[in-house]
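Let me begin by presenting the structure, written as structure tokens, before commenting on it.
The values are calculated or read from the model by the stated rules, or taken from the named source; none is laboratory data. The shown structure was predicted, so the numbers you read here are calculated from the model rather than taken from an experiment. All Cβ positions, glycine included, derive from the backbone under ideal geometry; neighbour counts span all protein chains shown. When the accessible area is computed, the model is the full protein with side chains, heavy atoms only, and any ligands, DNA or RNA have been set aside. Shrake-Rupley method; radii C 1.70, N 1.55, O 1.52, S 1.80 Å.
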Amino acid sequence: MKKILVSTALLAGVLSYAGGFRVSLQGVKQLAMAHTSAHAEDASVTFFNPAGMSFIPSKLSVVAGGFAASNKVTFQNFNTLQSTETDNPVGTPFYAAITYRPIEKLTVGLSVTTPFGSTIKWPNDWEGKEMVQKLELKSFYFQPMVSVKLAPWVSFGASYIYAKGVVDWDKAVTQFGGQVNINDKKASGHGYGFGFYFRPDPKLDVSIAYRSAIDMKAKKGTATFQFPSQSIYNQLKLNAAGQDGFSATLPLVEEYTIGLTYKVTPKWQVSADFNYHGWERYSKLTLDFENAPIGNNPSDPTVLTSPKNFKNSKTFRLGTQYAFTNMIYGRLGAYYDEAPYTTENFIPETPSYDTYVITGGIGFKLKQFGIDIAGGYAMPQYRNVNNANLGFYGQSKATAFYLGLGLSYNPF
């Protein structure tokens, strides 16, 4: 039982570091058009494809934006018919980027984004309290990048990714009448991205990009237990504060993207994207505790390996923009995002669903300045939960919506 309690908590932290659900909120203009990627009007293209920088019309471009993301998850036990609902605070993802073209064929840039992270808060006494009571996660991607124009119609770009992550988790340990907090504020990892951006015709943009997998290394994580008696601390070989350290390598998935934008008329353009996420690298997770003998390795009881059965997933996106005037732009979009695991592997820490999302927004251009407003409404498909490994059965539903405000500045 002790093995299950700890492995479940740490496993969930890893999932959200990796994007147990992928937060598609890296550009307000992009969100309004279903978060499509083949848009090279300003520096917001940097996260999606560094090669797109070469086609930004301005030598210097600066963008920044933020979102309010709200979601609610409901779980109902079919046997008791008891229903439980989360009380999640509003999330605030953000992005910022800058690009500069010192010479005609070379553009450099820097992007800062928060592509993974959320907070989920269940009641402290709900039936899944041994899996999660509250889970808060944050991630930050820092990406310096460069793009070279190989020909007037094609460019190549590459970026280095430095990732930082934070997890703060509370869950009950009812076997001993206590609670555990899983905390790591210094997980980090390194990766890269590259892509090609094509404009074979003034009416057509094509973006092909790859973002690598990242191994987030947690070297000094802390598990803090609270029990009525300190005798349990000794039993688990914890220190006087009820703590033990752990280390782990936390895998983040790779992502492939193909996107295109076609200008049907000078005022009307249509965009489409296909994303492929390499979730299958989550076959298992290995955690190494400093002292606590709570693992499942016969030769080393401090090593815990948790099986994972994730599958690769796909996302399909379609968006459009219409220029009402030279200053006002209307945008709409819709996309479908597959869940990365089956019903038998559903977990309440980072619930995931096959999801339909509709988006929309409006943009304003005021000479060198741009203001973009966007919103999205997600319609996750309910799931019949059948996780025998965790003894978790019932039905789960969710809703989510997003609002975003973005600013851009292209001075010259």
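A few notes on this one:
- Using θ = phi - 60° and Karplus 6.51 cos²θ - 1.76 cosθ + 1.60, couplings along the range 51-62 (whole Hz; Gly, Pro as x): 5, x, 4, 5, 9, 5, x, 9, 5, 10, 9, 10
- Cβ-Cβ distance of GLN235 and TYR210, R₀ of 45 Å, FRET efficiency by 1/(1 + (r/R0)^6): the value works out to about 0.40.
- In the range 308-366, chymotrypsin sites (Phe, Trp or Tyr not before Pro) in a DSSP loop with at most 11 other beta-carbon atoms within 10 Å: PHE324
- With a simple spin-label model that places each label point 7 Å from the Cα along the Cα-to-Cβ direction, the separation between VAL154 and ILE103 comes to 2.1 nm.
- Under 5 Å from the amide H of TYR192 lie the amide H atoms of ILE161, SER212, each residue being 5 or more positions distant or on a separate chain, with H modelled from the backbone and absent for Pro and chain starts.
- Tilt relative to the chain, helix 2-18 - C-alpha long axis, 0 to 90 degrees, to 10: 10
- Were the residues from GLU344 through ASP300 laid out at 0.36 nm apart, the gain over their Cα-Cα distance would be 12.9 nm.
- Close amide H contacts of VAL173 (hydrogens built in the peptide plane, cut-off under 5 Å, sequence separation of 5 or more or a different chain): GLY178, GLN179, VAL180.
- Selected from SER229, LEU403, ALA158, residue furthest toward positive end of dipole (the chain; charges at beta carbon): ALA158
- In this structure the range 151-200 gives 43 Å² per residue of accessible area when probed at 1.4 Å with all protein chains present.
- Nearby lysines by direct alpha-carbon distance to LYS105 (threshold 27 angstrom, same-chain neighbours under 8 apart not counted): LYS29, LYS59, LYS149, LYS203, LYS263, LYS365, LYS367
- On the chain, 59 percent of the accessible area sits on carbon and sulfur atoms, based on a 1.4 Å probe.
- Pair-distance profile P(r), taking every C-alpha pair of the chain, with 20 angstrom steps and integer %: 27, 52, 20, 2
- Summary value for the chain: 18 percent relative contact order, contacts being C-alpha pairs under 8 angstrom separated by 6+ residues.
- Most positive-pole-ward Cα, THR92, PRO380, ASN124, against dipole of the chain from beta carbon charges: THR92
- Each helix, a run of at least 4 DSSP H residues, gives -39500 (n - 2.57); summed and divided by the residues of the chain, these come to -2000 deg cm²/dmol at 222 nm.
- The range 116-217: chymotrypsin sites (Phe, Trp or Tyr not before Pro) in DSSP loop, at most 16 other beta carbons within 10 Å: TRP153
- Cα-based reach from LYS138 at 21 Å (exclusive), listing lysines while leaving out same-chain residues under 8 positions away: LYS72, LYS121, LYS164, LYS171, LYS185, LYS186, LYS217, LYS219, LYS220
- In the range 149-220, a dipole from Cβ-located charges (positive for Lys and Arg, negative for Asp and Glu) runs towards its positive end, and of PRO200, GLN179, MET216 it is MET216 whose Cα lies farthest in that direction.
- Phi-derived couplings, Karplus 6.51 cos²θ - 1.76 cosθ + 1.60 at θ = phi - 60°, listed residue by residue for the range 200-210: x, 9, x, 8, 10, 10, 10, 10, 10, 9, 9 Hz, with x used for Gly and Pro.
- Whole-Hz ³J(HN,Hα) from phi, Karplus 6.51 cos²θ - 1.76 cosθ + 1.60, for the range 239-256, glycine and proline x: 7, 5, 8, x, 10, 8, x, 8, 10, 6, 10, 9, x, 10, 7, 8, 9, 10
- Rounded to 5, the percent of DSSP beta bridges in the chain classed as antiparallel: 100
- Within the chain, the longest run free of trypsin sites (Lys or Arg not before Pro) that sit in a DSSP loop with at most 16 other Cβ atoms within 10 Å is 106-202.
- Size of electric dipole in the chain: Cβ of Lys, Arg +1 and of Asp, Glu -1, about Cα centre, debye, nearest 20: 900
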